[in-house]
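*Asks:* Below is a structure I'd like to ask you about.
Any read-out appearing in this document is the output of simple, stated calculations on the displayed coordinates, not a laboratory observation. All figures in this text were calculated on a predicted structure; none of them were measured in a lab. Cβ: placed from backbone, ideal geometry, glycine included. Neighbour counts: every protein chain shown.
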């Protein structure tokens, strides 16, 4: 029975490379001279540091530019609330989302069931497996999911015949 998996993965090596490029550009830019602007990573959270809110936005802009150039989908970034740390200095956590959360997985399963296509979708940890009788039906499900879910990066892997 043909099947494929719907996953959401982020290449952590490319995230690290983009972060290094971002820090290098920020240290070399004239408008950041003498400021403490940088981006740090711990686990799956990036933390953006800057002197004020405007520079915080500028550093985030450089970071998203570097990530997109390295092929990382910026829709996987979930910015947190900016917070003051000392004086005017600011920091903002940015979470790198990987894996499909339960709410989105249930939405995808419901969408496949409501489409009346001859395919079944099941949630398996942070992936959704779709199986059907024919490859053509799976192609239709793939197109349906691509059209419906636009705010979160999804990849389609493990296609089996």
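*Asks:* From the Cα trace of segment 77-161, what convex hull volume per residue do you get, rounded to a whole Å³?
*Replies:* About 101 Å³ per residue, rounded to a whole number.
*Asks:* For a distance above 22 Å, tell me the whole-number percent of Cα pairs in segment 28-102 that qualify.
*Replies:* Everything past 22 Å amounts to 24 percent.
*Asks:* Which of 47, 150, 64 comes first, and how do the rest follow, when ranked by fewest Cβ neighbours within 10 Å?
*Replies:* Sorted ascending by nearby Cβ count, the order is 150, 47, 64.
*Asks:* Which order do 22, 76 fall in if you start with the one that has the fewest other Cβ atoms within 10 Å?
*Replies:* The most exposed by this proxy come first: 76, 22.
*Asks:* How large is the Kirkwood hydrodynamic radius of segment 92-133, in angstrom, based on all distinct alpha carbon pairs?
*Replies:* It works out to 11.4 Å.
*Asks:* Per-residue counts of other Cβ atoms within 10 Å, averaged by peptide: what ranking do you get for 5-18, 32-45, highest first?
*Replies:* 5-18, 32-45
*Asks:* A follow-up question, please. What per residue convex hull volume, in Å³, comes out for the chain when only alpha-carbon positions are used?
*Replies:* Cα convex hull per residue, to the nearest whole number: 118 Å³.
*Asks:* Please report 20, 51 as a ranked list, fewest other C-beta atoms within 10 angstrom at the top and most at the bottom.
*Replies:* Neighbour counts put them in this order, fewest first: 20, 51.
*Asks:* With only alpha-carbon atoms in the gyration tensor, what are the semi-axes of the equivalent ellipsoid for segment 74-116, in Å, largest first?
*Replies:* 37, 8, 7
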